[in-house]
Amino acid sequence: MDSPESYPDHFSTYADRYARYRPRYPAALFEFLAGVAPRRELAWDVGTGNGQCAIGLAEHFRRVIATDASAAQLAHAMAHARIEYRVALAESCDLAEGGVDLISIAQAIHWFRFDAFYENVRRVARPSAVLAAICYTLPRVDPVIDAVCDRYYRDVTGPYWPPDRRYIDECYATIPFPFDEIAVPRLTGAVDRANPPPSFEGRAEWTRAEYAAYLDTWSAVQRFKQRNGRDPFAEIADELAAAWPDGHARRAVRWPIYMRAGRVV
C-alpha cells in the first residue's frame with residue numbers, strides 16, 4: 001500500500017512560504033460549490049496544502065476533512081473548528097464509505113494517479129455528490145509585469161516543471177474527468193487573453209517583494225536551485241524592478257481560476 005512518504009513531494013521544504021504567499025480563493029467559488037452539493041454535511045478537501053480551500057468550505061459545510069500527503073504543509077494549515085486535518089494520500093485516504101457531499105481538489109489533482117483517486121472518490125461519495133477540480137494559472141498584474149512573469153515561467157524555469165504541470169497550462173480542460181459534468185460560472189471579462197474565460201478570479205494586493213516571494217514558491221524554482229546551486233530570480237530581478245519601479249507600491253495581482261465540476265453517480 002502507498003504511504004504519504006511515497007508521493008512526489010514538491011512543496012514541503014518551503015511550506016511556511018507556501019502558506020504565506022499563495023493566493024486565496026474567492027467567496028463566490030465556495031458559494032457555488034455549496035449550492036451544487038446534495039447536502040452540506042461533509043466536504044473532503046484533497047491535497048489541501050495549508051488549507052487555503054478548506055477554510056472557505058468551512059463557512060458552508062458542517063464538517064471539512066482536509067487531507068494532504070505532506071505533514072509539513074499541514075503544520076502550517078489554518079485552524080478552524082469545523083476542519084479536521086489528516087496526513088493521507090488522495091488515492092488511499094480511509095474516509096467512511098458513502099458519506100461525503102463534496103470532494104474538492106485545488107491546484108493538486110494533476111499530481112494524483114487519476115484512476116486510483118477516482119476509485120476512492122466513488123467509494124466515499126454520497127449519491128449525487130460533487131467533485132470539483134480547481135486550478136489557477138499565472139498571475140496577472142499588467143502587460144509589462146506579466147511579460148516578465150511569463151518569460152520567467154517559460155524560458156527560465158520552464159525545463160524544471162514536472163510534466164504534469166501541463167494540465168494547469170491547459171486550464172484542466174484535458175484532465176481525465178469521468179463524471180457527469182456540471183456547468184460552472186464563467187467570468188465575462190477574461191483576465192488572461194491567452195486562455196478561455198476563467199470561472200473565478202483570485203486577488204491580492206502585493207508589493208514587489210511579496211510578488212517575488214510568491215514566484216519563489218514555484219516548485220520549478222526550488223528544483224532549479226537544487227540542480228544549479230543558485231537562485232533563478234536573479235535572471236529577472238532587474239527586469240521586474242524596471243516593470244515595477246516603486247517596490248513599496250501595492251499592485252492588484254489577479255489569478256484566473258478554472259474549475260471542472262461533476263456529479264459522482
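The values are calculated or read from the model by the stated rules, or taken from the named source; none is laboratory data. Model, not experiment: these values are computed from the prediction. FYI the Cβ positions are ideal-geometry reconstructions off the backbone, even for glycines, and counts take in every protein chain you see.
If you go through the range 143-160 one residue at a time, do you hit one that is under 17 Å from A241 (Cα atoms), touching a strand residue (DSSP E or B) at 6+ places or on another chain (Cβ under 8 Å) and surrounded by 13 or more Cβ atoms within 10 Å (Cβ to Cβ)? The answer is yes, given that some residue of the range 143-160 is under 17 Å from A241 (Cα atoms), touching a strand residue (DSSP E or B) at 6+ places or on another chain (Cβ under 8 Å) and surrounded by 13 or more Cβ atoms within 10 Å (Cβ to Cβ). R208 meets all of the listed conditions (1) over 19 Å from the mean Cα position of the chain (by Cα); (2) among the charged types (D, E, K, R); (3) farther than 15 Å from G158 by Cβ; (4) surrounded by fewer than 18 Cβ atoms within 10 Å (Cβ to Cβ) but one, namely (4). When R122, R62 are checked against the criterion of being over 30 Å from D231 (Cβ atoms), surrounded by fewer than 18 Cβ atoms within 10 Å (Cβ to Cβ) and either small (G, A, S) or touching a Lys or Arg at 6+ places or on another chain (Cβ under 9 Å) (or both), R62 stands alone in meeting it. When the range 235-250 is filtered for residues that are crowded, with 17+ Cβ neighbours inside 10 Å and not in a loop (DSSP other than H, G, I, E, B), the ones remaining, listed by number, are L240, A243.
In the range 96-187, counting only helices (runs of 4 or more DSSP H) that sit wholly within it, the ones holding 2 or more residues that are among the acidic types (D, E) span 114-124, 143-151.
Within the range 129-154, being within 30 Å of D45 (Cα to Cα) and among the aliphatic types (A, V, I, L, M) holds for A129, V130, L131, A132, A133, I134, L138, V141. Selection of the range 101-124 for residues being within 19 Å of G49 (Cβ to Cβ) and either in contact with a helix residue (DSSP H, G or I) (Cβ under 8 Å, 6 or more places away or on another chain) or among the small types (G, A, S) (or both) yields L102, I103, S104, A106, Q107, A108, I109, H110, W111, F117.
Per-residue answers, yes or no, for (1) farther than 24 Å from T174 by Cα; (2) touching a residue at least 24 places away in the same chain (Cβ under 8 Å); (3) among the β-branched types (V, I, T):
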| residue | (1), (2), (3) |
| --- | --- |
| F61 | yes, yes, no |
| M78 | yes, yes, no |
| L89 | no, yes, no |
| E97 | yes, yes, no |
| I105 | no, yes, yes |
| F112 | no, yes, no |
| N120 | no, yes, no |
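Are any residues in the range 42-80 part of a loop (DSSP other than H, G, I, E, B), out of contact with any Pro (no Cβ under 9 Å at 6 or more places or on another chain) and more than 21 Å from L29 (Cα to Cα), and if so, which ones? Of everything in the range 42-80, those that are part of a loop (DSSP other than H, G, I, E, B), out of contact with any Pro (no Cβ under 9 Å at 6 or more places or on another chain) and more than 21 Å from L29 (Cα to Cα) turn out to be A75, H76.
Looking at D192, D180, just one residue is among the acidic types (D, E), more than 23 Å from G229 (Cα to Cα) and at pLDDT below 95, and that residue is D192.
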